[in-house]
Amino acid sequence: MIYLRTLALAAVATLACFSVHAQQYPTKPVRVIIPFPPGGPTDIIGRMVSDTLTKAYGVQFIADNRAGAGGNIGMEVCAKSPPDGYTVCIMTVAQSIAPAIYRKLPFDPIKDFAHVTLAAQLPSMLTVHPSLPLKSVKEVVTLAKSKPGHMSYASTGNGTSPHMLMEMFKFMTGIDVVHVPYKGQAPAVLDQISGQIQLAFNTAIGVIPHVKQGRLKAVAISTRERFPAMPELPSVEESGVKGFDGGSWNGVVMPAGTPQEIVNKIQAPLVAELKSSAGKELLLKNGALAGGNTPAQFAAFIKEEADKWAKVAKFAKIQLD
């Protein structure tokens with residue numbers, strides 16, 4: 001009986017310690033793991049997260065770029081970090097795709113993280129070469145079906161968002177177009193501009209300048225809702241492919257086991273910034289739409305994304321190891 005009372009008192013003391021810790025948090029610098037190199041969309045959003053939290057708490061939230069393996073290296077570091085609140089991480093769409101295409105993944109995007117909030121969604125744009133007489137999704141599908149295996153599409157690499165988006169498009173429309181993977185968006189776009197590639201889904205912010213200058217022709221936006229930067233461009237779904245919805249996204253997570261009180265202290269100022277006019281404007285300038293949901297909603301979103309991409313990977317027979 002004395003032993004049980006001792007255990008109970010120890011448990012209460014531990015909970016009290018966690019509560020006090022959460023109330024005082026943060027008391028030292030916090031690492032913000034960004035799993036991609038500096039300069040890209042994920043880095044921009046990661047540094048926005050760092051700046052917002054630094055201003056909110058007067059303690060440095062330090063950006064730490066850990067690039068490699070499509071973001072998986074940085075996320076493995078995150079998953080294996082102590083759940084003490086001093087590691088915040090930027091998760092991307094790549095981590096919802098990864099379980100379907102890697103046989104051995106060193107983390108689970110659902111179980112190994114405490115989910116904070118969806119930070120931003122980055123729509124992709126379906127573009128064609130200007131020489132093609134195509135102005136709509138329906139015309140793209142009709143031409144592709146008339147010449148199975150004749151048209152090609154570019155991606156930023158096997159298993160990346162542009163690859164998965166086009167495979168989902170193939171799955172939902174029944175077309176047959178050939179995949180040509182590249183090492184990044186820049187060379188893929190250059191070959192499409194030159195006419196070597198006919199189709200592509202690319203992050204909207206990366207191709208809007210080429211569309212405005214007439215080097216590429218925009219057909220539709222990948223997300224269910226239209227993109228405010230180009231409101232005249234219809235979505236793929238409203239163009240006739242019912243249920244089509246996808247693109248890149250970035251969210252904030254922490255190692256699994258991080259006390260919920262601390263997760264909430266990270267989530268609150270981020271959501272306030274994401275829902276502010278200044279936050280929305282900053283993200284829109286970088287081709288992104290502001291998020292800002294609850295931890296539970298974000299966890300459910302990742303589960304939905306993982307299920308969606310698993311179906312696409314199975315259809316396309318995509319396996320990277």
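The values are calculated or read from the model by the stated rules, or taken from the named source; none is laboratory data. Remember, predicted model here, so these are calculated numbers, not experimental data. Ideal geometry is used to build each Cβ from the backbone, glycine not excepted, and the neighbour counts take in all protein chains shown. Side chains are part of the model used for accessible areas, which takes the heavy atoms of the whole protein and leaves out ligands, DNA and RNA. Shrake-Rupley method; radii C 1.70, N 1.55, O 1.52, S 1.80 Å.
In the chain, the sites counted are GluC sites (Glu not before Pro) in DSSP loop states with at most 15 other Cβ atoms within 10 Å, and the longest stretch holding none of them, exclusive of the sites, is 1-224. Considering all C-alpha pairs of the chain, those separated by over 35 Å amount to 25%. Dividing the summed helix terms, -39500 (n - 2.57) for each DSSP H run of n ≥ 4, by the number of residues in the chain produces a 222 nm estimate of -14500 deg cm²/dmol to the nearest 500. Tell me, rounded to the nearest percent, the portion of alpha carbon pairs in segment 17-126 spaced more than 20 Å apart. Within segment 17-126, distances greater than 20 Å cover 42 percent of Cα pairs.
One equal scatterer on each Cα of segment 93-215, no solvent, Debye formula: the resulting log10 I(q)/I(0) at q = 0.16, 0.21 Å⁻¹ is -0.82, -1.23. Taking the average, over residues, of other Cβ atoms within 10 Å as the packing measure, peptides 131-138, 188-195, 120-127 rank 120-127, 188-195, 131-138 from highest down. Rg and Dmax of segment 17-79, both derived from C-alpha coordinates alone, stand at 13.2, 40 Å. My understanding is that a pair violates if its Cα-Cα distance is over 24 Å; which of Lys138/Lys303; Lys55/Lys275; Lys55/Lys265; Lys135/Lys285 do that in this structure? Where the Cα-Cα span goes over 24 Å, the pairs concerned are Lys138/Lys303; Lys135/Lys285. Applying 1/(1 + (r/R0)^6) with r as the Cβ-Cβ distance of Gln196 and Lys285 and R0 = 22 angstrom yields a FRET efficiency of 0.10. Give the angle, between 0 and 90 degrees and rounded to the nearest 10, that separates the Cα long axis of helix 295-316 from the longest principal axis of the Cα atoms of the chain. Roughly 40 degrees between the two axes.
Here the 3J(HN,Hα) profile of segment 49-55, calculated from phi with Karplus coefficients 6.51, -1.76 and 1.60 at θ = phi - 60°, is 4, 4, 5, 4, 6, 4, 5 Hz, Gly and Pro shown as x.
Segment 243-321 and segment 115-169 have Cα centres separated by 22 Å.
For the peptides 262-269, 140-147, 24-31, residues were scored by their other Cβ atoms within 10 Å and the scores averaged per peptide; the highest-first order is 262-269, 140-147, 24-31. Measuring nothing but alpha carbons in segment 231-321 and taking Rh as the Kirkwood radius, the Rg to Rh ratio lands at 1.04. The ellipsoid equivalent to the alpha-carbon distribution of segment 180-296 has semi-axes of 33, 16, 15 angstrom, derived from the gyration tensor eigenvalues as √(5λ) and listed largest first.
Please compare each pair in Lys104/Lys317; Lys170/Lys280; Lys242/Lys311; Lys212/Lys314; Lys104/Lys308 to a cut-off of 28 Å on the Cα-Cα distance and tell me which ones are over it. Check vs 28 Å cut-off fails for Lys170/Lys280; Lys212/Lys314.
Shape analysis of segment 155-215 places it in the prolate category; the axes a ≥ b ≥ c from the Cα gyration tensor give an a/c of at least 1.5, with a/b above b/c. Taking all protein chains as shown and a probe of 1.4 angstrom, His150 keeps an accessible surface of around 120 Å².
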